[in-house]
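Here's the structure, in structure tokens; my notes come after.
The values are calculated or read from the model by the stated rules, or taken from the named source; none is laboratory data. Every value quoted in this text rests on a predicted model; they were computed, and no experiment measured them. Here the Cβ is made from the backbone with ideal geometry for all residues, glycine too, and neighbour counts use every protein chain on show.
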Amino acid sequence: MNWTELQSAMATHGYVASDDLSVALHLALSLGRPILLEGAAGVGKTEVARVLATVRDTRLIRLQCYEGLDAQQAIYEWNYQRQLLAIRAAGEAGETANDVEARIFSETYLLERPLLAAIRQETRPVLLIDEVDRADEEFEAYLLEVLADYQVTIPELGTITATTHPIVVLTSNGTRDLSDALRRRCLYTYLDYPDRATELAILNVRCPDVSARLAGQIVGFVQSLREETLEKVPGIAETLDFAAALMGLGIADLTSDPAVLQGTLTTLLKTQSDRSHITTEVAQRIAGRAA
């Protein structure tokens, strides 16, 4: 599958990918390299991995990063409750300590976490390492080691080498600088908010029942709204929610009912400050331009 075929396949599943993104994904697949997608929240970074897994007809395994995430939580854990029950039962049965230890530190009691699960799949999965910038630098360093060798070491079991190399997609919202080492390891693409034509294409693919006139108004309204001074700029998902809300209320023209339009802004504006800033008058001014 070349990059244009990949682009078409993604569009079939509801994701309108730019040429740059399509080429970068094709290269990542061809070269077997991780790809780092950076950009503001809401531009569709996570959705790339979901759609790619659908296109490839494979499993999506997601590791959601957060502050304090450590290697054990990302790779494996032991089922301590089952181990304690086994130890108690073994004591009552008179088993030796060595026999009990060998049994409780076995595959039966191992809980796979995303990184371990990803390298043990028979079919190459998509491994989404979401919001890697939220994890600590120490975890980022460990992640580099895993992505370099595609193997992990569990002290009680030894080294587990990858059955297949997963397709790795990392996302970052830019909340902190990532290390040069991680950036060198990955192919890189920056995802920005879509231009009018692209966002209109996305809306038509995801909401095919919306009229051409209303679709144009919706995209124009959201694009203008992003130019306002907002704490949380609405992303593509919010555009789709906005469209669904308008259609559900039977609105065919953004300027027809100011009160209803103001009510539907709950799908676009996610802080009290932003709701206060976009008054009914401001919303009508933006809608008038969009019309």
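Below is a table of values for the structure above.
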quantity	calculated
Cross-chain or 6+ apart pairs with Cβ under 9 Å, segment 150-161 first and under 12 Å from residue 71 (Cβ atoms), then among the polar types (S, T, N, Q) and at pLDDT 85 or above	152/159; 152/161; 153/159
Unmet requirement for residue 189, which otherwise passes all of (1) at pLDDT below 90; (2) in contact with a strand residue (DSSP E or B) (Cβ under 7 Å, 6 or more places away or on another chain)	(1)
Residue in segment 65-80 that is nearest to residue 103 (Cα to Cα), counting only those that are hydrophobic (A, V, I, L, M, F, W, C) and assigned to a loop (DSSP other than H, G, I, E, B)	69
Matching entry among 71, 148 (being modelled with pLDDT under 85, under 26 Å from residue 50 (Cα atoms), of a type outside the set (Lys, Arg) and surrounded by fewer than 13 Cβ atoms within 10 Å (Cβ to Cβ))	148
Residue list for segment 11-33, filter: out of contact with any strand residue (DSSP E or B) (no Cβ under 7 Å at 6 or more places or on another chain), surrounded by fewer than 16 Cβ atoms within 10 Å (Cβ to Cβ) and of a type outside the set (S, T, N, Q)	13, 14, 19, 31, 32
Enumeration of residues in segment 229-266 that are touching a residue at least 40 places away in the same chain (Cβ under 8 Å) and part of a loop (DSSP other than H, G, I, E, B)	229, 230, 231, 232, 233, 234, 235, 252, 253, 254
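Here is a yes/no grid of residues against (1) touching a helix residue (DSSP H, G or I) at 6+ places or on another chain (Cβ under 8 Å); (2) under 20 Å from residue 156 (Cβ atoms); (3) surrounded by fewer than 19 Cβ atoms within 10 Å (Cβ to Cβ); (4) assigned by TED's automatic domain parsing to the domain that holds residue 177:
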site: 67; (1), (2), (3), (4): yes, no, yes, yes
site: 86; (1), (2), (3), (4): yes, yes, yes, no
site: 99; (1), (2), (3), (4): yes, yes, yes, no
site: 103; (1), (2), (3), (4): yes, yes, yes, no
site: 121; (1), (2), (3), (4): no, no, yes, yes
site: 134; (1), (2), (3), (4): no, no, yes, yes
site: 137; (1), (2), (3), (4): no, no, yes, yes
